[in-house]
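S.K.: Before I ask anything, here is the structure I am working with.
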Amino acid sequence: MTDRYEIEASFYDQVYDRQDDVPFCLEYCSKTGGPILECCSGTGRIAIPIARAGLDITGLDLNEKMLRVCRSKLLKENQSVRKRLHLVKGDMRNFSIDKKFKIAFIAFASFLQNTSIEDEESTLRCIANHLEDNGLLILDIFNPDLSRPQHLLRLDHVHELKNRNTFLRFSSDSPNIEKQLIDSTAIYDLVRPNGSIKRSIVRIQGRYIFHDELLKLLERTGFQIDEVFGSFRKEKFTEKSPGIVCVSHKRK
């Protein structure tokens, strides 16, 4: 199965230019003073602004291409920022860093890349092992909407890239209700100025989690729930909220 990030890494920041989570993560990270751990840090979309704010952060990611993009971006930052951001290649389910952190977070629903309950628990226990007592954890996932039409091919993204290519992404979801899995097919088209098209097809799998299930998962892996929001604007969570943003801390 082709890793989607092998395709997306070079233009990821142009397509997924979300910014609403950056101030939220920066606020909580600043309160702790660091050090900070971000799992699935990717191209440094959040980690670099945190390092610019004067905080020490470690970014963990499994995809070498995404890490390479982050390193390239860091070269454009001043030396103090480069010293504050430490990049580690590793799997969020099973990593080892010789350091304890005051806060950890997984943004942009990347936690849902865990496709089994065992993987979810392994990730959370591994993070807990790297947190100080009372260390914070922020998880951001989408709020499942099972009424969304399935098995339809949708045009999700259309972006003009800096190299004058046009990026289009089509996707179709096929749910496995019993296992709470979403099997997605993503079609990536890069349309060149001369009209030629380079097409790549990727299979993506993720496991969706409901609100109550997430809270119980955190509690049985050593965390205590502090706050649950429906978005990064700190709105109260409801069943119609687009997301589940959960702030918890490691129990002593």
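The values are calculated or read from the model by the stated rules, or taken from the named source; none is laboratory data. Since the structure is predicted, the reported quantities are computational estimates derived from the model, not experimental observations. Ideal geometry is used to build each Cβ from the backbone, glycine not excepted, and the neighbour counts take in all protein chains shown.
S.K.: Criterion first (closer than 20 Å to residue 137 by Cβ, under 14 Å from the mean Cα position of the chain (by Cα) and crowded, with 17+ Cβ neighbours inside 10 Å) does residue 62 satisfy it?
M.R.: It is true that residue 62 is closer than 20 Å to residue 137 by Cβ, under 14 Å from the mean Cα position of the chain (by Cα) and crowded, with 17+ Cβ neighbours inside 10 Å.
S.K.: Among the residues of the stretch 31-51, which ones are farther than 19 Å from residue 139 by Cβ and either without any contact (Cβ under 8 Å) to a residue 40 or more places away in the chain or hydroxyl-bearing (Ser, Thr, Tyr) (or both)?
M.R.: 43, 48, 49, 51, listed by residue number.
S.K.: Another question, then. Working carefully through the options 41, 30, find the one that is of a type outside the set (Val, Ile, Thr) and assigned to a loop (DSSP other than H, G, I, E, B).
M.R.: Exactly one of 41, 30 is of a type outside the set (Val, Ile, Thr) and assigned to a loop (DSSP other than H, G, I, E, B), namely 41.
S.K.: Working only within the stretch 153-181, note down all residues that are within 15 Å of residue 195 (Cα to Cα) and among the polar types (S, T, N, Q).
M.R.: Of everything in the stretch 153-181, those that are within 15 Å of residue 195 (Cα to Cα) and among the polar types (S, T, N, Q) turn out to be 163, 165, 166.
S.K.: Could I ask something else about it? Starting from the stretch 214-239, take each residue that is within 18 Å of residue 131 (Cβ to Cβ) and list its partners that are of a type outside the set (Phe, Trp, Tyr) and loosely packed, with under 13 Cβ neighbours inside 10 Å, counting only C-beta distances under 7 angstrom and pairs at least six apart or across chains.
M.R.: Close Cβ pairs satisfying both conditions: 222/251; 223/251; 224/251.
S.K.: Give me the residue from the stretch 199-221 that is farther than 15 Å from residue 243 by Cβ and in a strand (DSSP E or B) and, out of that set, farthest from the chain's Cα centre (by Cα).
M.R.: 199
S.K.: Give the number of residues within the stretch 52-79 that are in a helix (DSSP H, G or I) and free of Cβ contacts under 8 Å to residues at least 12 places away in the same chain. Full working, then the answer.
M.R.: First, pick out the residues of the stretch 52-79 that are in a helix (DSSP H, G or I): 52, 64-74, 79.
If we keep only those that are free of Cβ contacts under 8 Å to residues at least 12 places away in the same chain as well, we get 72, 79.
Looking only at that region, the number is 2.
S.K.: Evaluate the following for residue 148: is it loosely packed, with under 15 Cβ neighbours inside 10 Å and not acidic (Asp, Glu)?
M.R.: Here the answer is yes, as residue 148 does meet what is asked.
S.K.: Sticking with this structure for a sec: Among the residues of the stretch 180-213, write down those that are more than 17 Å from residue 154 (Cα to Cα) and free of Cβ contacts under 8 Å to residues at least 40 places away in the same chain.
M.R.: 180, 191, 192, 193, 194, 195, 196, 197, 198, 212, 213
S.K.: For the stretch 130-170, which residues satisfy the criterion of being touching a Lys or Arg at 6+ places or on another chain (Cβ under 6 Å) and either at pLDDT below 90 or over 30 Å from residue 226 (Cα atoms) (or both)?
M.R.: Scanning the stretch 130-170 gives 156, 157, 165.
S.K.: Those residues that are surrounded by 11 or more Cβ atoms within 10 Å (Cβ to Cβ) and under 22 Å from residue 6 (Cβ atoms), I need them from the stretch 175-196; list them, please.
M.R.: Those that are surrounded by 11 or more Cβ atoms within 10 Å (Cβ to Cβ) and under 22 Å from residue 6 (Cβ atoms): 181, 182, 183, 184, 185, 186, 187, 188, 189, 190, 191, 192.
S.K.: For the stretch 182-213, what are the residues that are in contact with a Lys or Arg (Cβ under 8 Å, 6 or more places away or on another chain) and closer than 30 Å to residue 135 by Cα?
M.R.: The answer is 207, and nothing else.
S.K.: While we're looking at this one, here's another question. Only one of these conditions is not met by residue 83: (1) closer than 18 Å to residue 136 by Cβ; (2) outside any loop (DSSP other than H, G, I, E, B). Which number is it?
M.R.: Residue 83 satisfies every listed condition except (1).
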